[in-house]
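Have a look at the structure below before the remarks.
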Amino acid sequence: MLLRAVGLTKSYGGARAGPVRVLQGVDLEVKAGEIAAIVGVSGSGKSTLLNLLGLLEPPDAGEIQFDAEPVSSLGRRRQARLRGARIGYVFQSFLLLSGLTAWENVLLAARYVGRDRRQAEREALRLMERLDVLHRRGHYPAQLSGGEQQRVAFCRAVLNAPSLLLADEPTGNLDAEHARVILRELRAQARERGATVILVTHRAEAAAEADYALRLQGGRLEPA
Ligand SMILES: Nc1ncnc2c1ncn2[C@@H]1O[C@H](COP(=O)(O)OP(=O)(O)OP(=O)(O)O)[C@@H](O)[C@H]1O
Ligand SMILES: [Mg+2]
């Protein structure tokens, strides 16, 4: 997937505090098979940008295109379908469903798009094994460490082989060894499957994994 964003703006209104202008004209173009790293200080709008690219929130202005098709103006239902089929998102705060086990969380995405269950389960087994969380599959999120939740969230995001993978600090809670595993998996998503990967990170070795790094500053992206 070639992802293109043109002139994205986003503000959050505070009745008393006044509007917070987070994004002020973000342009971005990432090709299939490419990994783009996004860096920027806390509060610069990295997660906000991923939420827009993941079609979870509408931009105030600007446009997002997948494969040259405008998608930011699609209806909510078509966006939801597109998200389920083509976008994987590793959230900064994981967002695992607390009432489901790790295994059920990982398989939820496959169920949502109606994939063959046995095939999805076989892949989930292999993926959770590689990410070192298979032994935790029967546990609920509250019973998992932060790093384990992060790895389960990663498995959930990639199980459907998304064409666009958004990863918000996916190694933020991990030790060096587990971080390496995640970065290896991210690289494989791009290099072996041709996924477009957008990686928000503060780790130098994670940014080094990317084809290029961009800095979000003053509401815009610039070369890092
Ligand atoms: N729903 C919201 N309502 C009001 N303000 C918001 C909302 N979401 C984000 N913001 C504000 O937008 C700014 C950017 O937030 P965002 O979470 O995108 O930053 P970030 O770069 O991801 O930071 P971090 O590195 O700490 O994760 C912050 O000042 C935040 O307070
Ligand atoms: Mg963030």
Query - Output for segment 1-23, where each listed residue is assigned to a loop (DSSP other than H, G, I, E, B) and of a type in the set (Lys, Arg) - result: Arg16
Query - Those helices (runs of 4 or more DSSP H) lying entirely in segment 110-224 with at least 3 residues within 16 Å of ligand 1 (Cβ to nearest atom) and out of contact with any helix residue (DSSP H, G or I) (no Cβ under 7 Å at 6 or more places or on another chain) - result: 146-158
**Report entry** Qualifying residues in segment 100-109 (those that are assigned to a helix (DSSP H, G or I) and of a type outside the set (D, E, K, R)) - the one modelled with the lowest pLDDT
**Finding:** Ala109
Query raised in the report: Any chance segment 100-109 includes a residue that's more than 16 Å from ligand 2 (Cβ to nearest atom), surrounded by fewer than 18 Cβ atoms within 10 Å (Cβ to Cβ) and closer than 30 Å to Ala5 by Cβ?
Result: yes
Requested in this report: Mind listing whichever residues of segment 162-192 are in contact (Cβ under 8 Å) with a residue 40 or more places away in the chain and within 19 Å of Ala124 (Cβ to Cβ)?
Outcome: Pro162, Leu165, Ala167, Pro170, His178, Val181, Ile182, Glu185, Leu186
**Report entry** Those residues of segment 1-22 which are aliphatic (A, V, I, L, M), surrounded by 14 or more Cβ atoms within 10 Å (Cβ to Cβ) and over 15 Å from Gly218 (Cβ atoms), in sequence order
**Finding:** Met1, Leu2, Leu3, Ala5, Val6
Query raised in the report: Are any residues in segment 24-74 more than 16 Å from ligand 2 (Cβ to nearest atom), in contact with a helix residue (DSSP H, G or I) (Cβ under 6 Å, 6 or more places away or on another chain) and outside any loop (DSSP other than H, G, I, E, B), and if so, which ones?
Result: Ile35
Report summary line: Picked from segment 36-53 (must be under 21 Å from Tyr112 (Cβ atoms) and surrounded by 21 or more Cβ atoms within 10 Å (Cβ to Cβ)), the residue nearest to the chain's Cα centre (by Cα) is Leu50
Query - Residue check for Ala179: buried (at least 19 other Cβ atoms within 10 Å of the Cβ), modelled with pLDDT under 95 and either touching a strand residue (DSSP E or B) at 6+ places or on another chain (Cβ under 7 Å) or not aromatic (Phe, Trp, Tyr) (or both) - result: yes
Report summary line: If we ask which residues in segment 23-80 are closer than 13 Å to Glu222 by Cα and among the hydrophobic types (A, V, I, L, M, F, W, C), their number turns out to be 7
Query raised in the report: Taking segment 39-53 only, how many residues are more than 8 Å from ligand 1 (Cβ to nearest atom) and farther than 16 Å from Ala195 by Cβ?
Result: 2
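The values are calculated or read from the model by the stated rules, or taken from the named source; none is laboratory data. Everything quoted here is computed from the prediction, not taken from an experiment. We place every Cβ from the backbone using ideal geometry, glycine too, and count neighbours over all the protein chains shown.
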